[in-house]
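Enquirer: Before anything else, here's the structure in question.
The values are calculated or read from the model by the stated rules, or taken from the named source; none is laboratory data. In this text the structure is predicted, and so the values were computed from the model without any measurement. With ideal geometry, Cβ positions are generated from the backbone for all residues, glycine too; neighbour counts draw on all protein chains shown.
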Amino acid sequence: MNARSAGTALVAGVAVVLSVTAGAPAVADTQHADEQATVSVLHAVPGLTVDVFAGDKELLPDFKPGTLTEPLKLDAGSYDIKIFKDGEGPKGTPAIQKTVEVPAGANATLVAHLTADGKPALDAFVNDTSKVPAGKARVTVRHVAAAPAVDIRADGTVVFKNLENPKEAKGEVAAGTVSADVALAGTDTVAIGPAELDLAEGSNTIVYAWGSAADKNLALKTQSITGMHSAPHGVPAGETGLAAAEHNQSITLGALSVGALVALGASAHLLRRRNNAA
């Protein structure tokens with residue numbers, strides 16, 4: 001299943017469950033748009049295909065590693081998710097049963113991944129959608145791999161140092177194309193890459209380092225969020241390359257963080273539990 005079909009399945013499942021459990025219309029009114037969140041889901045646990053359930057309803061079957069769903073609009077609230085190894089639900093014991101909080105107005109990505117020592121986990125990152133200065137692009141790097149701390153390099157120069165799992169680093173840089181790789185912290189030993197990154201003006205390019213160093217399947221996955229231009233559009237920046245980002249580095253974990261197994265579908269699927277039951 002590709003990311004588009006996975007996203008479609010999630011939207012359908014969300015509409016069905018909300019309409020059944022909450023008595024709400026299948027399509028949310030536009031007046032409630034400010035009460036919704038935009039959520040994407042990344043499956044970054046190598047070698048494990050899963051099925052995502054809300055109660056006994058299968059919402060996301062055969063979700064494969066390396067898949068990133070398209071952004072979904074979800075009502076803010078609490079979502080109870082059951083995650084099974086492929087084919088083991090819904091009567092078996094879930095690999096994880098977790099409640100995920102989705103705050104109103106947030107743009108977030110839920111990432112099912114491995115911890116530094118190889119244990120399955122779920123972390124939620126809030127994506128920065130604030131305006132980007134004219135001529136600039138935002139770069140966000142997230143370490144979600146079973147690997148030690150790493151340095152992120154652009155065209156051979158270290159721009160983010162000693163990034164640990166499950167932290168992120170971000171900065172605003174001149175728009176353009178750079179060659180990026182991931183090296184073990186403090187060394188020239190390349191763990192992932194190089195990869196060409198097209199950093200479009202007014203965008204946030206999010207790069208995930210995922211997989212397992214021990215299993216030699218480390219990889220990069222990118223996510224792009226656009227539409228954050230500042231006027232005047234297209235004014236050249238005074239800095240070039242990712243080197244400028246080092247001066248604006250921040251290492252933060254989204255406030256949504258929760259730990260557990262393959263709850264990749266976590267964001268998108270439900271059984272929404274209302275805080276004030278009818």
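Enquirer: Can you find a residue that is farther than 26 Å from Met228 by Cα, touching a Ser or Thr at 6+ places or on another chain (Cβ under 7 Å), touching a residue at least 60 places away in the same chain (Cβ under 8 Å) and not in a strand (DSSP E or B) anywhere in region 112-122?
Expert: Within region 112-122 (the criterion being farther than 26 Å from Met228 by Cα, touching a Ser or Thr at 6+ places or on another chain (Cβ under 7 Å), touching a residue at least 60 places away in the same chain (Cβ under 8 Å) and not in a strand (DSSP E or B)), the answer is yes, since at least one residue qualifies.
Enquirer: Hey, can you tell me all the residues within region 128-168 that are assigned by TED's automatic domain parsing to the domain that holds Ala200, under 19 Å from the mean Cα position of the chain (by Cα) and either assigned to a loop (DSSP other than H, G, I, E, B) or modelled with pLDDT under 95 (or both)?
Expert: Ala147, Glu164, Asn165, Pro166, Lys167
Enquirer: Which of the residues that make up region 139-167 are of a type in the set (D, E, K, R), surrounded by fewer than 24 Cβ atoms within 10 Å (Cβ to Cβ) and out of contact with any helix residue (DSSP H, G or I) (no Cβ under 9 Å at 6 or more places or on another chain)?
Expert: Asp151, Glu164, Lys167
Enquirer: Turning to a different aspect of this structure: Out of all the residues in region 75-95, is one or more outside the structural domain of Ala214 (by TED's automatic domain parsing) and under 15 Å from the mean Cα position of the chain (by Cα)?
Expert: no
This table checks each residue for (1) in a strand (DSSP E or B); (2) without any contact (Cβ under 8 Å) to a residue 12 or more places away in the chain; (3) out of contact with any Lys or Arg (no Cβ under 9 Å at 6 or more places or on another chain).
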| site | (1), (2), (3) |
| --- | --- |
| Gly171 | yes, no, no |
| Ala183 | yes, no, no |
| Trp210 | yes, no, no |
| Ser224 | yes, no, yes |
| His229 | no, no, no |
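Enquirer: Okay, next question. Check region 34-45 and report whether any residue there is among the hydroxyl-bearing types (Ser, Thr, Tyr), in contact with a His (Cβ under 9 Å, 6 or more places away or on another chain) and either at pLDDT below 75 or closer than 25 Å to Ala145 by Cβ (or both).
Expert: Scanning region 34-45, I find no residue that is among the hydroxyl-bearing types (Ser, Thr, Tyr), in contact with a His (Cβ under 9 Å, 6 or more places away or on another chain) and either at pLDDT below 75 or closer than 25 Å to Ala145 by Cβ (or both), so the answer is no.
Enquirer: I've got another one for you. Among Val132, Val111, which is more than 20 Å from Leu48 (Cβ to Cβ) and β-branched (Val, Ile, Thr)?
Expert: So the residue among Val132, Val111 that is more than 20 Å from Leu48 (Cβ to Cβ) and β-branched (Val, Ile, Thr) is Val132.
Enquirer: Quick one: which residue in Asn127, Asn107, Asn165 is over 23 Å from Ser203 (Cβ atoms) and touching a Ser or Thr at 6+ places or on another chain (Cβ under 7 Å)?
Expert: Asn165
Enquirer: Could you list, in sequence order, all residues of region 184-219 that are under 25 Å from Thr115 (Cβ atoms) and of a type in the set (Ser, Thr, Tyr)?
Expert: Within region 184-219, Thr187, Thr189, Thr205, Tyr208, Ser212 qualify.
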